[in-house]
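Below is one structure, written out as structure tokens; the observations come after it.
Rule-based calculations on the coordinates, nothing more; no lab input. All of these numbers come straight from a predicted model, not from anything done at the bench. Every residue, glycine among them, receives a Cβ derived from its backbone with ideal geometry; neighbour counts consider all protein chains shown.
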Ligand code: SAM
């Protein structure tokens, strides 16, 4: 009999419909809060997973009820097989309604169109600064022009949505809050501010955390913010609108306003490990079992068993006090 799995539900009844799949650890930027410095050794590493393994994992989760797959990294556009992966996922039956990508945008000028043609539906571009100096200070690279062209290319390619995600660090790019928000006036994009999470590693600086409430206060000094009704499947951002803006502004605050009760997501790291929560919990290896030849049914069993351990909520109330005790850094989990 063919394997016909039921959906995934965790012990407190949350249905899992969203997979964030990291496809490699390498990155072409060196953001101060994520992965500063040169670490050329890591950057040069080939992806740990083959295209076929990435597609097999995504296919497994889609068969288990996942409706949205987001490819991330590292920097996913550095994976030579990215377009082929999107193509394969768009050809699945049933086709996942949302195929999304999170990218720093540097390579989007040449990849946006092929990705759209392959079936990618949404793109999130991470951008923390609108001036050349601030961009270089945040990312260690002089690539702002490429990212701005990448956003234009994404808008021209016809994705159903293009979003910009920004991280603001206290004392570093605070002056960028308003200029970044203005991108939602000038372009048909939502701009979302995500609270900095002091993850482990050299980059962890709890004192750099700036709360979403503080970012909102800065925005409210400049603009009249209007609450927008929550959309179905809206995700964790609280969205507000500003009259005359083409896009909306979002605030994502994993600490001050926890959204764990609505969590519908699982993650797979670039090394093929299932991760239940960005901010904690263990990992369950899936790549090893794939390479040992386990069937889809057996892999689904590993996922279901691990899911029993998904915590009701992450244990942190504040990010200003401590480095979060997570074993895997952000660039390996994929954000
Ligand atoms: N390279 C891609 C990109 O830049 O979007 C995908 C991977 S990156 C790890 C995904 C997101 O995580 C980015 O928006 C980045 O700003 C965010 N990020 C990384 N470290 C973070 C941290 N410590 N706190 C909050 N967001 C972080």
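Considering 192, 143, the condition of being touching a residue at least 60 places away in the same chain (Cβ under 8 Å), within 13 Å of the ligand (Cβ to nearest atom) and closer than 17 Å to residue 35 by Cα is satisfied by 143 alone. Taking the conditions (1) within 16 Å of the ligand (Cβ to nearest atom); (2) within 20 Å of residue 123 (Cβ to Cβ); (3) surrounded by fewer than 16 Cβ atoms within 10 Å (Cβ to Cβ) in turn, residue 186 satisfies each one other than (1). Within the stretch 168-175, does at least one residue satisfy the condition of being within 11 Å of the ligand (Cβ to nearest atom) and under 19 Å from the mean Cα position of the chain (by Cα)? The answer is yes; a qualifying residue exists.
Based on this model, can you work out whether residue 92 counts as away from the ligand (no atom under 11 Å from the Cβ) and within 15 Å of the chain's Cα centre (by Cα)? Judged against the criteria, residue 92 is not a match.
Out of the stretch 157-169, which residues are touching a helix residue (DSSP H, G or I) at 6+ places or on another chain (Cβ under 7 Å) and surrounded by fewer than 16 Cβ atoms within 10 Å (Cβ to Cβ)?
Across the stretch 157-169, the qualifying residue is only 158.
A count restricted to the stretch 8-25 and to residues that are in a loop (DSSP other than H, G, I, E, B) and buried (at least 19 other Cβ atoms within 10 Å of the Cβ) stands at 7. Of the numbered criteria (1) buried (at least 21 other Cβ atoms within 10 Å of the Cβ); (2) under 21 Å from residue 117 (Cβ atoms); (3) in contact with a strand residue (DSSP E or B) (Cβ under 6 Å, 6 or more places away or on another chain), the one residue 98 fails is (1).
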